[in-house]
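A.B. asks: Can you read through this structure? Questions will come right after.
The values are calculated or read from the model by the stated rules, or taken from the named source; none is laboratory data. Since we're looking at a predicted model, the values are computed, not measured. Counting neighbours? That spans all protein chains shown, and the Cβs are built from the backbone with ideal geometry, glycine included.
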């Protein structure tokens, strides 16, 4: 039976108490403190509440319990019903790394306790992405034909198509396609094929799983993202693809950053760079830029700037068309965009404006989500310089693009900049901005 929408029930409960999102979040934190669990940052919770209240997403069992207690309502009164959701997915956010990992086992229909608990150490080492051997059931979808080069080429072309759609339309439009594509590849895992083609199939699974993971994180679903990254790591290891393994490990750090685990994220990026020390220049440049961003978030400005220099140095060695296909988009324009983001984080306004403007002028218009992120960086810079009209104008542009792609990541950042505009709430620029951001208002 389909689950009932709960957005109207949550809105009614808030209205009856006269509470804003901010007031509800404060009460949720009191409940969480009593239960000795942690909740994510306020801007993350605002996005989550907005998605729940507008029926864009359903709260997990963990959040259903928190919301019911905070609002003083029975779960049934809010439309919450018993769900077959695995226990790992209902765990508090502070434990999603250890306990929020069910997708791998569910995807390949592999049971057992090991499918639900993967640590960071296992992420780095990896295990077979195909899971233990088992007899297929009568309802198994495993394909028993032979997998050849032509089929693998077709699968790779489809993956590239989903990457392009993701850049332009956003994760919300493509996530289901990516996960279905991953399931399609998984059905081939027991087919007959040459050893080299089996490695290619594992690499294809790793690429699609990492794409699905990135999309899940962009949609504000870190538990699912971690799950798919674990699968991608296993697949990369089975494929013997050291570069893909390093790339996935580095990307996984963004799940940790999402949860505020900065030190652990920085450790993962460093490990990824070690794995890729003999990799192609394009990947080494990408990893150095990721290191710079994690260092900047950690407050290590010196390390961030050194890593940016290393990214520039590596990129000078990049030859056109070289490097892995899944990183072919990463050109000089994207490195400049990333550099601008890092400079905003470390606070170097004297050089940041020119870098961000260069990025916005050079990044292809099809990279809608990336352009939105660069605009948020530019708005942040204007705000630091006290340029309120410019901040609101640029933030409005960023919102329009973020709204196109429904990027939770960019929405979180827009909310944060708007929060910092509170001292200027009475100005015309901010009031006009609020008309555009009406559903963000808390």
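A.B. asks: Does at least one position in the stretch 408-418 carry a residue that is crowded, with 20+ Cβ neighbours inside 10 Å, without any contact (Cβ under 8 Å) to a residue 40 or more places away in the chain, over 30 Å from residue 309 (Cα atoms) and out of contact with any strand residue (DSSP E or B) (no Cβ under 7 Å at 6 or more places or on another chain)?
C.D. replies: Within the stretch 408-418, one or more residues are crowded, with 20+ Cβ neighbours inside 10 Å, without any contact (Cβ under 8 Å) to a residue 40 or more places away in the chain, over 30 Å from residue 309 (Cα atoms) and out of contact with any strand residue (DSSP E or B) (no Cβ under 7 Å at 6 or more places or on another chain).
A.B. asks: Then there's this: So which residues in the stretch 379-391 are part of a helix (DSSP H, G or I) and within 17 Å of residue 430 (Cβ to Cβ)?
C.D. replies: Residues of the stretch 379-391 that are part of a helix (DSSP H, G or I), as a first pass: 379-384, 388-391.
Selection gives 379, 380, 382, 383, 384, 388, 389, 390, 391.
A.B. asks: Contact list please: Cβ distance under 8 Å, first residue in the stretch 424-438 and within 11 Å of residue 388 (Cβ to Cβ), second residue at pLDDT below 95 and surrounded by fewer than 15 Cβ atoms within 10 Å (Cβ to Cβ), pairs at least six apart or on different chains.
C.D. replies: 425/431
A.B. asks: Would you confirm, using the coordinates I've provided, whether residue 308 is free of Cβ contacts under 8 Å to residues at least 40 places away in the same chain and assigned to a helix (DSSP H, G or I)? First the steps, then the outcome.
C.D. replies: Numbers: free of Cβ contacts under 8 Å to residues at least 40 places away in the same chain: yes; assigned to a helix (DSSP H, G or I): yes.
So residue 308 fits the description; yes.
A.B. asks: Just wondering, is there one or more residues in the stretch 319-330 that are at pLDDT below 95, crowded, with 18+ Cβ neighbours inside 10 Å and more than 9 Å from residue 282 (Cβ to Cβ)?
C.D. replies: Yes - at least one qualifying residue is present in the stretch 319-330.
A.B. asks: Looking only at the stretch 353-376, how many residues end up being in a helix (DSSP H, G or I) and in contact (Cβ under 8 Å) with a residue 60 or more places away in the chain?
C.D. replies: 3
A.B. asks: Moving to a separate point now. Among the residues of the stretch 288-304, is any over 19 Å from the mean Cα position of the chain (by Cα), surrounded by fewer than 18 Cβ atoms within 10 Å (Cβ to Cβ), under 24 Å from residue 263 (Cα atoms) and touching a residue at least 40 places away in the same chain (Cβ under 8 Å)?
C.D. replies: There is at least one residue in the stretch 288-304 that is over 19 Å from the mean Cα position of the chain (by Cα), surrounded by fewer than 18 Cβ atoms within 10 Å (Cβ to Cβ), under 24 Å from residue 263 (Cα atoms) and touching a residue at least 40 places away in the same chain (Cβ under 8 Å).
A.B. asks: Please specify each residue of the stretch 176-199 satisfying the condition of being surrounded by fewer than 20 Cβ atoms within 10 Å (Cβ to Cβ) and part of a helix (DSSP H, G or I).
C.D. replies: If the condition is that a residue be surrounded by fewer than 20 Cβ atoms within 10 Å (Cβ to Cβ) and part of a helix (DSSP H, G or I), then 176, 177, 180, 183, 184, 195, 196, 197, 198, 199 are the ones that fit.
A.B. asks: If you don't mind, another one. Which residues, counting only those in the stretch 259-287, are within 24 Å of the chain's Cα centre (by Cα) and over 25 Å from residue 223 (Cα atoms)?
C.D. replies: Residues satisfying the conditions are 274, 276, 282, 283, 284, 285.
A.B. asks: Among the residues of the stretch 250-272, is there at least one that is crowded, with 22+ Cβ neighbours inside 10 Å and over 30 Å from residue 347 (Cβ atoms)?
C.D. replies: Within the stretch 250-272, not a single residue is crowded, with 22+ Cβ neighbours inside 10 Å and over 30 Å from residue 347 (Cβ atoms).
A.B. asks: So which of 51, 29, 34, 38 ends up being out of contact with any strand residue (DSSP E or B) (no Cβ under 7 Å at 6 or more places or on another chain), at pLDDT below 80 and surrounded by fewer than 17 Cβ atoms within 10 Å (Cβ to Cβ)?
C.D. replies: Working: 51 fails: surrounded by fewer than 17 Cβ atoms within 10 Å (Cβ to Cβ); 29 fails: at pLDDT below 80; 34 fails: at pLDDT below 80.
Selected residue: 38, the only one of 51, 29, 34, 38 that is out of contact with any strand residue (DSSP E or B) (no Cβ under 7 Å at 6 or more places or on another chain), at pLDDT below 80 and surrounded by fewer than 17 Cβ atoms within 10 Å (Cβ to Cβ).
A.B. asks: While we're here: Given the conditions (1) in a helix (DSSP H, G or I); (2) under 29 Å from residue 312 (Cβ atoms), report the number of the one that residue 323 does not fulfil.
C.D. replies: (1)
A.B. asks: When you check residue 137 against the structure, is it in contact with a helix residue (DSSP H, G or I) (Cβ under 9 Å, 6 or more places away or on another chain) and either modelled with pLDDT under 50 or part of a helix (DSSP H, G or I) (or both), yes or no?
C.D. replies: no
A.B. asks: Another one. Considering the stretch 30-48 alone, what residues qualify as being assigned to a helix (DSSP H, G or I), under 24 Å from the mean Cα position of the chain (by Cα) and closer than 17 Å to residue 62 by Cβ?
C.D. replies: Across the stretch 30-48, the qualifying residues are 44, 45, 47, 48.
A.B. asks: Right, something else. Does residue 61 count as within 25 Å of the chain's Cα centre (by Cα) and over 25 Å from residue 416 (Cα atoms)?
C.D. replies: Working: within 25 Å of the chain's Cα centre (by Cα): yes; over 25 Å from residue 416 (Cα atoms): yes.
So residue 61 passes the test.
A.B. asks: Could you say which residue among 217, 118, 123 is buried (at least 21 other Cβ atoms within 10 Å of the Cβ), assigned to a helix (DSSP H, G or I) and modelled with pLDDT under 90?
C.D. replies: 123
A.B. asks: Of the conditions (1) over 21 Å from residue 363 (Cα atoms); (2) over 22 Å from the mean Cα position of the chain (by Cα); (3) without any contact (Cβ under 8 Å) to a residue 24 or more places away in the chain, residue 394 fails just one. Which one is it?
C.D. replies: Tallying (1) over 21 Å from residue 363 (Cα atoms); (2) over 22 Å from the mean Cα position of the chain (by Cα); (3) without any contact (Cβ under 8 Å) to a residue 24 or more places away in the chain, residue 394 fails exactly one: (1).
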